[in-house]
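The values are calculated or read from the model by the stated rules, or taken from the named source; none is laboratory data. Because the structure is a prediction, the values reported are computed rather than measured. Positions of Cβ are generated from backbone atoms using ideal geometry, with glycine treated the same way; all protein chains shown enter the neighbour counts. SASA here: full protein model, heavy atoms, side chains in, ligands and nucleic acids out. Shrake-Rupley method; radii C 1.70, N 1.55, O 1.52, S 1.80 Å.
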Amino acid sequence: MSDSDGEDLTRVPVTILTGFLGSGKTTLLNHILTATHGKKIAVIENEFGDISIDDKLLQKNSQFKSDEEIVEVLNGCICCTVRQDLIAILNKLRQRVRSGKLHLDGIVIETTGMADPAPVAQTFLAHAKIRGFARLDGIVTLVDAKHIERHLDAVKPEGVVNEAVAQVAFADRLLLNKTDLVTEADLARIEARLRGINAFAPIRRCSRGDVSVDSVLNIHGFDLQRALQTNPQLLNPENAPTQHDKTVTSVSLDQGAPRHMRTVQKGDLDFELATDFLEYIAESQGEDIYRMKGVLAVAHSQQKYIYHAVHMTFSGGFEEAWQPGEPRESKMVFIGKGLDEQFLASTFNNCLATPENLTRKASTLRFKPGDAVECRTTGFDAEEGERWAAGTVVEVLHRADDMAPGEVAPYRVRLEDGSELTVLTDEGSEIVGANSHGDEDGEEAGEGDEAAEEAAEAAEEEKPAASTSTARRRTRKATD
């Protein structure tokens with residue numbers, strides 16, 4: 001069967017979904033898998049790091065969970081080191097389709113953000129059996145509007161590919177994603193830049209990868225002659241492999257790795273320590289951190305904490321629940337320049353909710369059990385002002401069942417009237433030493449408690465992380 005142009009419509013259409021690290025490829029793929037379109041799609045997921053994070057999220061959202069092979073995973077660079085593995089997966093799908101055991105309406109290959117799409121496309125042009133089974137339908141490139149310019153401008157050594165430029169140049173469709181994070185002037189400038197690299201690919205703006213399935217699948221966008229103009233060596237199987245920037249590496253921290261390969265200890269993480277660690281990495285190394293992502297097992301939470309970061313832009317929250325019998329194991333992936341694996345692993349271990357780590361965390365607090373304090377008990381009232389009450393610290397690092405997932409309060413205080421109050425932040429605006437709340441001249445709360453404040457500041461300098469208050473606000477945001 002063929003159309004009016006002679007194209008064999010019995011072949012399975014293949015979409016190569018590409019884009020630099022953090023552009024939103026997996027988010028878009030989740031939209032496709034959860035959309036009501038009636039199509040059966042095989043997904044080949046490519047991860048740059050040693051461990052896979054996104055494949056479990058894709059399998060969860062797949063409309064075809066009964067088919068165990070609907071999501072295949074390739075670890076490594078699909079454009080060079082694992083191309084033979086890609087061919088093996090495609091041949092396996094070909095055999096199942098030809099035998100009648102599997103029907104496919106399409107195949108989506110999500111490349112790693114460090115991939116050059118041209119060698120991936122060559123797989124469908126240079127291998128006779130693959131070419132007879134599947135046709136290259138289109139190369140769809142997601143573009144991160146927030147960060148694309150810095151990647152296009154990156155200076156690479158001679159002979160090393162600029163992956164971001166290659167992904168734009170070889171695209172049949174460009175999806176300008178994360179448009180909500182930039183201005184209209186930014187978008188106009190970026191679109192002009194993209195058209196300067198690729199004048200043929202239509203550009204569609206989107207946010208959070210929210211586009212129709214028809215914008216990605218069965219678009220009939222691939223044009224071999226145009227592709228050859230972009231890459232004249234596309235059909236040459238002897239063409240030299242893609243050369244990547246060797247300063248860009250990945251570090252994977254996996255509690256589920258075999259013991260002889262595991263660089264981190266097992267156990268749940270303390271939420272504040274873990275998120276402070278991630279914030280510290282994003283703030284101190286953000287320019288060189290292309291991508292961070294992970295799934296965390298957090299103490300006092302039955303839900304997984306799933307996070308993503310691109311440079312200094314971070315998002316995360318508690319999402320799906322841990323399933324019965326599922327190992328509570330954290331996985332983290334860092335991709336960037338100048339990564340120190342030993343530092344990342346040791347700092348991860350310092351974030352575990354162990355007695356030793358929690359004792360060290362408690363030592364950074366300004367007060368200890370038995371200390372006399374004053375706590376703010378109400379918000380500001382125009383007539384009465386703030387209300388404060390005297391009390392005694394009865395517990396540090398307090399946890400109650402009605403608190404947000406992972407949240408641990410620095411203090412539990414028994415007030416003079418016998419009631420108890422949970423203090424969620426170790427700041428002078430919420431809790432101060434006894435008789436130091438202020439005076440009639442309007443002295444700020446906590447100003448007289450200089451010794452305690454100095455001790456807290458000294459302790460904070462030893463922590464590779466943000467303040468307690470920042471972590472508390474992040475806790476509430478993640479669970480809203």
(request) Please tell me which of these pairs span more than 20 angstrom C-alpha to C-alpha: K304/K368; K25/K178; K39/K101; K266/K304? (result) K304/K368
(request) Could you check the simple spin-label distance between R226 and N435, using points 7 Å along Cα→Cβ, in nm with one decimal? (result) 8.0
(message) Quick check: Cα centre of the stretch 91-137 to Cα centre of the stretch 270-329, how many Å?
(response) 33
(request) Just order 180-191, 12-23, 358-369 by mean Cβ neighbour count inside 10 Å, highest at the front, would you? (result) 12-23, 358-369, 180-191
(request) Using θ = phi - 60° and the Karplus relation 6.51 cos²θ - 1.76 cosθ + 1.60, list the HN-Hα couplings for the stretch 128-143 in order, rounded to whole Hz, with x at every Gly or Pro. (result) 4, 5, 5, 5, x, 8, 9, 10, 6, 7, x, 10, 10, 10, 7, 10
(request) Place +1 on the Cβ of every Lys and Arg and -1 on the Cβ of every Asp and Glu in the stretch 296-370, take the dipole about the Cα centre, and give the residue among S363, G316, F334 whose Cα lies farthest towards its positive end. (result) S363
(message) Given a 1.4 angstrom probe, I'd like the percentage of the accessible area of the stretch 282-391 that is carbon and sulfur, rounded to a whole number.
(response) 49
(message) For a protection proxy built on the mean count of beta-carbon atoms within 10 angstrom, sort 103-112, 203-212, 422-431 highest first, please.
(response) 103-112, 422-431, 203-212
(message) Could you give each residue of the stretch 345-351 its phi-based ³J(HN,Hα) in whole Hz, using Karplus coefficients 6.51, -1.76, 1.60 with θ = phi - 60°, and x for Gly or Pro?
(response) 5, 5, 5, 4, 4, 6, 9
(request) Kindly write out, for the stretch 415-432 in residue order, the coupling ³J(HN,Hα) from the Karplus curve 6.51 cos²θ - 1.76 cosθ + 1.60 (θ = phi - 60°), rounded to whole Hz, with x marking Gly and Pro. (result) 7, 5, 7, x, 6, 10, 10, 8, 9, 8, 8, 8, 10, x, 6, 10, 8, 9
(request) Roll a 1.4 Å probe over the protein chains and send me the accessible area per residue for the stretch 148-189 in Å². (result) 44
(request) Please list the non-local residues whose amide H lies under 5 Å from the amide H of G19, H modeled 1.01 Å from N, same-chain partners needing a gap of 5 or more. (result) L142
